[in-house]
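Would you mind keeping the following structure in view while I ask a few things?
The values are calculated or read from the model by the stated rules, or taken from the named source; none is laboratory data. Note that the structure is a prediction, hence the values are computed from the model and not measured. Cβ coordinates were reconstructed from backbone atoms using ideal geometry, including for glycine residues, and neighbour counts include every protein chain displayed.
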Amino acid sequence: MKSLHFGAISLLGAAAIGFAAPAAAQNMAARPGSPGQVTDTRTGKVWTPSWRSEDSRQSGDPRLPMNRAFDPRDQTASIPGMTVQYPRANLMGVVPITAGPSVPIMAVDAPSLQAVPTEYWIAILYVTNNSASSINPVVDCHFTNGDQKVESIRVMVPTAGPGERLGVAVRGPGVGMFVDRVTCLPMAPL
């Protein structure tokens, strides 16, 4: 199947934060250049997310029911509650300080949904601090199958300095669970 690319989202200026549109699923992890690399479409920077990070280990045991469900019509498995992750972030660059009445303090670009073959789903997202102060971004990501929740993850992004744009890889459920969309919404920065 073809890989799909999703662009940046439009920002909602009525609130102090930006909102991301959902991303539809891709079948294989995008790895331009050498294996494991992705490109930030806004800055053009090529970076390597921590695909095999120990930050959010989950059981990949294929005998567990939640790892066997793949048919979207038959899947009833979901991971209860909200998982908290503390992923590493890669600095993509610095953007102009533009926060104000019509520009949110923090923006999250639409995440791309990818699968690391035989392992787990990954959401690649970009968090931008539009303010002149450091922030501690918090982002909630929801992996879904149609309208059914598969897993919800609260992402505690490392501190973003003034104007910094960070690239983050969020580890989702195992690929044995069918996921067709991820939606990541910024919470108020701390």
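Matching residues to (1) aromatic (Phe, Trp, Tyr); (2) at pLDDT below 90:
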site: Ala110; (1), (2): no, yes
site: Gln114; (1), (2): no, no
site: Tyr120; (1), (2): yes, no
site: Thr128; (1), (2): no, no
site: Ser134; (1), (2): no, no
site: Pro137; (1), (2): no, no
site: His142; (1), (2): no, no
site: Asp147; (1), (2): no, yes
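Return yes or no: is Val95 touching a strand residue (DSSP E or B) at 6+ places or on another chain (Cβ under 9 Å) and buried (at least 23 other Cβ atoms within 10 Å of the Cβ)?
Working: touching a strand residue (DSSP E or B) at 6+ places or on another chain (Cβ under 9 Å): yes; buried (at least 23 other Cβ atoms within 10 Å of the Cβ): no.
No; evaluated as a whole, the condition is false for this residue.
Can you work out which of the residues in the range 111-132 that are aliphatic (A, V, I, L, M) and in a strand (DSSP E or B) is surrounded by the most Cβ atoms within 10 Å (Cβ to Cβ)?
Taking the range 111-132 and keeping what is aliphatic (A, V, I, L, M), we get 113, 115-116, 122-125, 127, 132.
Narrowing the set further to residues that are in a strand (DSSP E or B) leaves 113, 115-116, 122-125, 127.
Working: Leu113: 26, Ala115: 18, Val116: 20, Ile122: 23, Ala123: 26, Ile124: 23, Leu125: 24, Val127: 28.
Checked the range 111-132; the qualifying residue surrounded by the most Cβ atoms within 10 Å (Cβ to Cβ) is Val127.
Hey, could you check the range 133-151 for residues that are in contact with a His (Cβ under 9 Å, 6 or more places away or on another chain) and crowded, with 18+ Cβ neighbours inside 10 Å and say which is farthest from Pro186 (Cα to Cα)?
Within the range 133-151, the match that is farthest from Pro186 (Cα to Cα) is Val150.
Could you grab me the full set of residues in the range 165-190 that are touching a helix residue (DSSP H, G or I) at 6+ places or on another chain (Cβ under 8 Å) and farther than 22 Å from Asp40 by Cα?
The answer is Pro173, Gly174, Gly176, Met177.
Continuing with the same structure: Please find, within the range 170-190, the residue that is nearest to Asp109 (Cα to Cα) out of those that are among the β-branched types (Val, Ile, Thr) and in a strand (DSSP E or B).
Ranking the qualifying residues of the range 170-190, first place goes to Thr183.
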